[in-house]
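In what follows, a single structure is set out as structure tokens and then discussed.
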There are 2 protein chains.
Amino acid sequence: MSFELATVYVVGVGPGETDLLTLRAVKVLERSEVIFHPGPRDDTGFALGVVAPLLRPNQVVRGASLAMRRGPDDGTVGYERVAQLLAHEARQGRTVAFLTEGDPMLFGSGSYVAERLRSVAPDVPVEIVPGVSASSSAAARLGWPLAQKDEILTICPGTYHPDEIGEILDRGGPVCWFKAAAVLPQLVEELRRRGRLDHAALVERVGHPNERIFLDVSDALKVNLSYFSLVLVR
Amino acid sequence: MSFELATVYVVGVGPGETDLLTLRAVKVLERSEVIFHPGPRDDTGFALGVVAPLLRPNQVVRGASLAMRRGPDDGTVGYERVAQLLAHEARQGRTVAFLTEGDPMLFGSGSYVAERLRSVAPDVPVEIVPGVSASSSAAARLGWPLAQKDEILTICPGTYHPDEIGEILDRGGPVCWFKAAAVLPQLVEELRRRGRLDHAALVERVGHPNERIFLDVSDALKVNLSYFSLVLVR
């Protein structure tokens, strides 16, 4: 018995609010028989929570249980395993979606999964559905432009590059730090040294019921911050 | 006679495909009595084209006729005029939307209009609806990550900074040039000099029926390119 290859969709679900899904993402979810997400269990995960109001009881939902790892991928994060599972579904003729927070191509697990998929199953068609990034959503909440006119925007992962913070600030353009909690002490220090503390803001869990905004980022040093903390500097 | 102030919505419509609108953008459009867009005439404009399939005959549509200008805004682009028109509608109690291509805060006219609006009508509530950026959409089409792991992404407006292209490439991370047509000869030259021509791609009018993708960006030198051309370098 042979099956027609189905498409694997890598779907950006946006920064965390269901109504920031695109119409395309909604349509892909509607037609997907199996939905994988990065979360630790089938019924638990951030991206799953975003799409949960749209799912039907007859859709299969699988937590991919991806590890969160800093540094180079030594193969234990689980991207390869997920890629194999997605390819298997597609080869059985089942349309399958892999969810990813924000935009899949901007620090999203979807970009790694898509890479592995092309490598382990080059015959399987893959379509990436772009999403609203956390940076766009945070900028909208603050009413702060990410970039205007001649400005050059730098987008930096906060889990890396603590020693380059000053240098990046000295480029002069706006900067957006993803996952900023990890480097916040250094960031505050370098901003203070340059007299730019009042040009920065921190948005934690943008759009969530428990969103917090710090217009003085040094206040954020006093609290426990979520992994989903983003600093904009203008 | 007095009216309750309505909200002005600054709405990102995404890079050009109707199905890349967010559910929130669709809902805001549904409830908007008046819809402004940047286009030259009431019935003509890029952002208008994206939302056109969703509009109803009883909605008022106005082309803001914004000028396209390089360099500092000398006040003649029309942002102030549009801000006044939006404030007027809101003060009459009419919910009004201003459309902007891509994400309003990433080189979008929406960011200027929102700024002017806060300045000329601080009493009028403004809500910015983030959108999918052209960079996210182009990356999805190419299957190229914008940034992964420790990579620092630089987003540069191609209508400026021709002399800094080499320096920006030498930062080492991925780069996305918006409106790249203006600097393409310099960009190709600097990429060639660094042996990185095969690390670049150009996407013109991403998602449109007349989209073009150049995996060898030097081929794009031979054709007339649209303003909506984006170069990704990895």
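The values are calculated or read from the model by the stated rules, or taken from the named source; none is laboratory data. Since we're looking at a predicted model, the values are computed, not measured. Because the Cβ atoms are built from the backbone with ideal geometry, glycine has one as well, and the counts that use them run over all protein chains shown.
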Note to self: Among the listed residues A:L169, A:L86, identify the single one that is more than 9 Å from chain B (Cβ to nearest Cβ), farther than 22 Å from A:L20 by Cβ and buried (at least 24 other Cβ atoms within 10 Å of the Cβ).
What the structure shows: A:L86
Note to self: Any residue at all in region A:143-158 that's farther than 26 Å from B:G14 by Cα, within 12 Å of chain B (Cβ to nearest Cβ) and within 17 Å of the chain's Cα centre (by Cα)?
What the structure shows: yes
Next item on the list: Would you mention how many residues in region B:176-210 are within 17 Å of the chain's Cα centre (by Cα) and surrounded by fewer than 17 Cβ atoms within 10 Å (Cβ to Cβ)?
Entry: 1
Next item on the list: Would you mind finding the one in B:V61, B:V50 that is away from every other protein chain (no Cβ under 13 Å) and at pLDDT 95 or above?
Entry: B:V61
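From A:E80, A:E30, A:E4, which residue is away from chain B (no Cβ under 14 Å), outside any loop (DSSP other than H, G, I, E, B), of a type outside the set (S, T, N, Q) and over 18 Å from the mean Cα position of the chain (by Cα)?
Within the list A:E80, A:E30, A:E4, the selection yields A:E80.
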Notebook entry, point to check: Which residue pairs have Cβ atoms under 6 Å apart, sit 6 or more places apart or on different chains, and have a first residue in region A:1-21 that is closer than 21 Å to A:Y79 by Cβ and a second that is of a type in the set (S, T, N, Q) and at pLDDT 95 or above?
Noted result: A:A6/A:T95; A:G12/A:T100
Next item on the list: Only residues that are more than 10 Å from chain B (Cβ to nearest Cβ) and more than 14 Å from A:V129 (Cα to Cα): list them for region A:7-27, please.
Entry: A:G16
Check: Quick one: in region A:105-122, which of the residues that are under 21 Å from A:R31 (Cα atoms) and more than 7 Å from chain B (Cβ to nearest Cβ) is farthest from the chain's Cα centre (by Cα)?
Finding: A:L117
